[in-house]
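Every read-out reported here was derived from the displayed coordinates using simple, explicitly stated rules and does not represent laboratory data. These numbers were taken from a predicted model, which means no experiment stands behind them. All Cβ positions, glycine included, derive from the backbone under ideal geometry; neighbour counts span all protein chains shown.
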Amino acid sequence: MIIESIKLRDFRNYEELTLKPHPGVNILFGQNGSGKTNLLEAVHYCALGRSHRTSIDREVVRKGMPMAACGVQVRRENGRIDVAVKLTPGESRKKQVFVERKRAQRLSDLMGNLQCVIFSPEDLMLVKDGPAVRRRFLDMLLSQLSTGYFLALQQYHKALEQRNAILRDVKRGGRCENGMLDAFEEAMAIPCQTLIPMRRHVLDELAECAGQKYCAISGRETEQFGMRYVGCLREDGEIVSRVRDALRQGRHEDILKGATGFGVHRDDIALTLSGRDMRLFASQGQIRTAALSMKLAQMEVFRRETGETPVLLLDDVMSELDMTRRTSLLREMSGVQTFITCTDESDLEGCREKRSYQVFLSKNSSARVREISQGEEIPPQPDFQEDPELQ
């Protein structure tokens, strides 16, 4: 898939922007704080309806403005599609999604129209950070592949929040009928029959592909990189009743803690090198290779499952990689539309089919984008259509 047009209005430090990117590599360079990452963040919003940097939507609305909007026109194998997200923190509907210039009823309607893989310096700590980071990696991948997964995840977390609220109230001395906990535990258990099998399946695919990528990047066949799903249920079998029973059995301990200790919100991905836990002994070089391999494997899984190549977003990672890993990444970018932020364009030497943009601040501190080198010609495309809902 190819993003043919990006449009922003009052998004972060962009007052207004319309950009028609290159189908190959798009290099965004400029000083720190100029707005390079904000452009990648807007693309991420159009793919997943959320930021990769913050969970608070109002932070992306330009200072003093009532709303922010970002939209993309995407060319897929089956045609073009327009998607957009409008953020209005001061209104009851704080986030609205538009598909083909029509307001969608649910955030899930956005999923799958644009698929992206983002790689930032924080992702280099996928190995060392806690389980939440690896779960997020998995959830972002599966949410783009399956609307059913995304809806099940939403349902699970809503029920989890309600159960936790009851647990905290009881811990403070409040009373609760067992029937209410029964209802929320059932609401947590039912989505698990979607979440757990899909996590297991995609981890098997990721593990195979990431192991191959690691070996190719490191050049060390003796170092076998492994990924294994560590879920709340350790064996196969009936899921809903087992989750429900485990939650019921853990009620007393959960009340003492004021939080739910069992469930898919505690799942993890075990990362190993030649059978040993990478968190305990891996070198910085091995950690970077593993993180890069996981991201490249994510791209390959998208290709296999959808037949489409996702858009790749690289946020200031080239300077974090040595020449060997940088060369491996450049090789994988062939045939993939890529957006790269950097402070030094020389980090991208050897990159072909590219277009360079300078990102800078105007006198009123609004971000501007100036095309520096055009790259190969792109056939003219229809203009990105105005959406009256985004005015």
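Observations on the structure shown:
- Whole-percent pair-distance distribution, where bins are 10 Å wide, for the alpha carbons of region 122-307: 9, 33, 29, 19, 8, 1, 0
- Two-decimal ratio, the chain, of alpha-carbon radius of gyration to 2.2 N^0.38 Å: 1.05
- When the convex hull of its Cα atoms is projected in every direction, mean area for region 52-207 (nm²): 13.1 nm²
- Sparsely packed trypsin sites (Lys or Arg not before Pro) within region 114-211, loop by DSSP, other Cβ within 10 Å at most 12: Arg172, Arg175
- The residue list Pro66, Val359, Thr306 was ranked by how far each Cα lies along the charge dipole of the chain toward its positive end, using unit charges on Cβ atoms, and Pro66 comes out on top.
- Averaging the Cα positions of each part gives two centres, and for region 1-22 and region 283-308 these lie 27 Å apart.
- Sparsely packed loop sites in region 223-253 (the trypsin sites (Lys or Arg not before Pro) outside DSSP H, G, I, E and B with at most 13 other Cβ atoms within 10 Å) comprise Arg234.
- Summing Lys and Arg as +1 and Asp and Glu as -1 over all other residues whose Cβ lies under 11 Å from the Cβ of Asp57 gives a net charge of +4.
- Dipole of region 122-307 computed with +1 at Lys/Arg Cβ and -1 at Asp/Glu Cβ about the Cα centre; of Leu138, Gly258, Ala297, farthest Cα towards the positive end is Gly258.
- Modelled FRET efficiency - R0 25 Å, Arg75 with Lys102, Cβ distances, 0.05 increments: 0.85
- Residues Ala259 and Ile372, FRET efficiency given R0 of 51 Å [Cβ-Cβ distance, rounded to 0.05]: 0.50
- Eligible lysines near Lys363 by straight Cα distance, threshold 28 Å, same-chain separation 8 or greater: Lys7, Lys20, Lys36, Lys63, Lys86
- Relative contact order for region 122-307, counting Cα pairs under 8 Å that sit 6 or more residues apart, in percent: 32 percent
- Rounded to the nearest 20, the size of the Cβ-charge dipole of region 47-171 about its Cα centre is 300 debye, with Lys and Arg at +1 and Asp and Glu at -1.
- For the chain, leaving out every one of the GluC sites (Glu not before Pro) that falls in a DSSP loop and has at most 13 other Cβ atoms within 10 Å, the longest unbroken run is 239-348.
- Basic side chains Lys and Arg get +1 at the Cβ, acidic Asp and Glu get -1 at the Cβ, and with that the dipole of region 122-307 about its Cα centre reaches some 480 debye.
- What you get for the chain, charging only the Cβ of Lys and Arg (+1) and of Asp and Glu (-1), is a dipole of about 940 debye around the Cα centre.
- Calculated FRET value between Glu91 and His157, using beta carbons and R₀ = 30 Å, to 0.05: 0.80
- Taking a sphere under 13 Å around the Cβ of Gln286 and counting the other residues whose Cβ falls inside, with K and R at +1 and D and E at -1, yields a net charge of +3.
- Of Ala297, Ala68, Ala270, the one that fluctuates the most in a GNM where the chain has Cα springs shorter than 10 Å: Ala270
- Charge dipole (the chain, unit charges on Cβ, about Cα centre) - positive-most of Ile81, Cys116, Ala104: Ala104
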